[in-house]
């Protein structure tokens with residue numbers, strides 16, 4: 001029996017135990033944004049350290065950051081000629097609010113049909129467990145074929161504020177040939193997917209101030225300018241009627257799609273109905289001249305994520321607010337630079353801001369897009385593994401979201417990332433009733449087993 005088949009058989013024979021252990025991990029409420037959950041964050045980190053110890057890892061460390069620690073370990077028993085893969089994951093999860101919308105408790109994993117419901121099931125504790133269980137199954141069949149390093153952070157859900165400095169100061173420790181990042185997903189359970197690109201993110205907070213204090217609108221209305229009105233004008237002007245972003249130079253450095261990419265995009269079953277169903281929108285809108293899948297994955301965006309000014313409580317209060325704030329994010333594509341986008345936004349604001357207002361611009365995030373060549377060994381190994389397990393050639397797509405660590409690893413470690421994951425679009429990530437499709441999770445374990453053997457070849 002081929003050694004891969006031995007590993008696959010072990011995974012199938014131990015599927016219930018694998019599920020039980022995932023449920024144990026999911027039951028830890030490791031919410032990184034909640035100060036009261038710091039003990040649970042430490043508990044989740046130690047849970048991973050124990051699991052890595054069971055896998056025979058060495059140099060297992062809990063490395064501090066200014067907020068939540070990073071778990072590191074090594075499994076370096078393969079031949080030195082074999083590649084070293086840096087496996088990335090995050091053990092923190094989103095808050096579970098609003099709790100009343102959950103059909104079962106978010107940290108009491110519950111199985112209904114083929115789905116397991118729990119916060120973190122899909123994003124991304126389930127993906128971490130698929131990787132760890134693929135490694136365990138491969139070890140059960142013999143010597144692990146490649147060398148592995150692990151880095152599991154606890155701050156991804158709050159923007160990974162300390163990850164880039166950590167990588168920068170630990171480049172020797174993290175040295176690798178490629179990274180495996182299972183924090184992605186598939187288009188459908190029967191459609192294996194390779195994600196080769198991610199949009200970047202530029203996130204800003206715009207604060208406008210007019211007079212010193214809120215004013216009575218009956219006494220002073222008509223003689224002072226309202227910051228809320230000015231902010232609304234500024235925001236509305238950031239796009240034209242064709243949904244084209246009007247910031248100066250915003251589109252100047254966009255890398256065009258290659259003919260190979262266009263051919264792969266044409267294979268994707270992501271039409272208008274796909275996005276209508278996924279969003280629940282009454283109608284889709286977007287920049288003219290592009291398909292829906294291009295707009296959602298390959299074109300830049302600008303969105304207001306939050307807005308505040310004046311009185312927002314129950315009833316009425318007739319005031320002219322002295323202050324207005326909006327949070328605005330932009331998804332970036334290759335080769336847009338977050339700092340150049342910031343300068344563009346400043347230029348836009350200063351050209352339109354009336355003399356009655358002052359402004360402040362706060363930068364909350366700035367990460368460039370990332371892009372992996374489809375011909376790299378890691379992508380080829382994943383493509384072959386998916387085809388074996390799912391019985392069809394995978395599709396290749398860019399993802400509309402951002403995973404900053406992918407860019408950090410490419411820039412600081414010179415390591416391309418192989419992006420995979422076995423979550424689905426309807427997993428309710430960041431929402432009540434988050435869940436994971438268990439049959440697809442088991443196929444994910446099989447896929448990663450084949451992936452590691454393919455790399456060794």
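The values are calculated or read from the model by the stated rules, or taken from the named source; none is laboratory data. In this text the structure is predicted, and so the values were computed from the model without any measurement. Don't worry about glycine lacking a Cβ; one is built from the backbone with ideal geometry, like all the others, and counts go over all protein chains shown.
Of 422, 396, which residue is under 20 Å from residue 90 (Cα atoms) and in contact with a helix residue (DSSP H, G or I) (Cβ under 9 Å, 6 or more places away or on another chain)?
After ruling out the rest, the residue left standing is 422.
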Looking only at region 383-420, filter to residues that are within 17 Å of the chain's Cα centre (by Cα) and in a strand (DSSP E or B); which one of those is modelled with the lowest pLDDT? 399
May I ask you to list the residues in region 304-325 that are loosely packed, with under 12 Cβ neighbours inside 10 Å and part of a strand (DSSP E or B)? 306
Of (1) over 22 Å from the mean Cα position of the chain (by Cα); (2) in the same structural domain as residue 99 (by TED's automatic domain parsing); (3) not in a loop (DSSP other than H, G, I, E, B), residue 360 fails just (2)
Within the set of pairs 6 or more residues apart or between chains, which connect a residue that is more than 14 Å from residue 148 (Cβ to Cβ) inside region 164-178 to a residue that is modelled with pLDDT under 95 and not in a helix (DSSP H, G or I) with Cβ atoms less than 9 Å apart? 164/367
Return only the number of the condition from (1) under 21 Å from the mean Cα position of the chain (by Cα); (2) buried (at least 18 other Cβ atoms within 10 Å of the Cβ); (3) closer than 25 Å to residue 327 by Cβ that residue 210 does not satisfy. (1)
Does residue 50 satisfy being out of contact with any strand residue (DSSP E or B) (no Cβ under 8 Å at 6 or more places or on another chain) and either assigned to a helix (DSSP H, G or I) or buried (at least 21 other Cβ atoms within 10 Å of the Cβ) (or both)? yes
Exactly one of 437, 433 is crowded, with 22+ Cβ neighbours inside 10 Å and over 17 Å from the mean Cα position of the chain (by Cα), and that one is 437
Among the residues of region 206-245, which ones are within 21 Å of residue 307 (Cβ to Cβ), part of a helix (DSSP H, G or I), touching a residue at least 40 places away in the same chain (Cβ under 8 Å) and out of contact with any strand residue (DSSP E or B) (no Cβ under 9 Å at 6 or more places or on another chain)? 233
Quick check on region 11-20. Is at least one of its residues in contact with a strand residue (DSSP E or B) (Cβ under 9 Å, 6 or more places away or on another chain) and either modelled with pLDDT of 95 or more or crowded, with 17+ Cβ neighbours inside 10 Å (or both)? yes
Meets criteria (in contact (Cβ under 8 Å) with a residue 40 or more places away in the chain and surrounded by fewer than 14 Cβ atoms within 10 Å (Cβ to Cβ)) for residue 82: no
Among the residues of region 63-74, is any touching a strand residue (DSSP E or B) at 6+ places or on another chain (Cβ under 9 Å), outside any strand (DSSP E or B) and either farther than 24 Å from residue 404 by Cβ or modelled with pLDDT under 95 (or both)? no
Inspect all residues belonging to region 165-175 and state whether any of them is in a helix (DSSP H, G or I), at pLDDT below 95 and over 27 Å from residue 138 (Cβ atoms). no
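Among the residues of region 353-365, write down those that are closer than 20 Å to residue 329 by Cβ and either out of contact with any strand residue (DSSP E or B) (no Cβ under 9 Å at 6 or more places or on another chain) or modelled with pLDDT under 90 (or both).
Answer for region 353-365, where residues must be closer than 20 Å to residue 329 by Cβ and either out of contact with any strand residue (DSSP E or B) (no Cβ under 9 Å at 6 or more places or on another chain) or modelled with pLDDT under 90 (or both): just 365.
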Which one is nearest to residue 125 (Cα to Cα) among residues in region 176-190 that are at pLDDT 95 or above and not in a loop (DSSP other than H, G, I, E, B)? 181
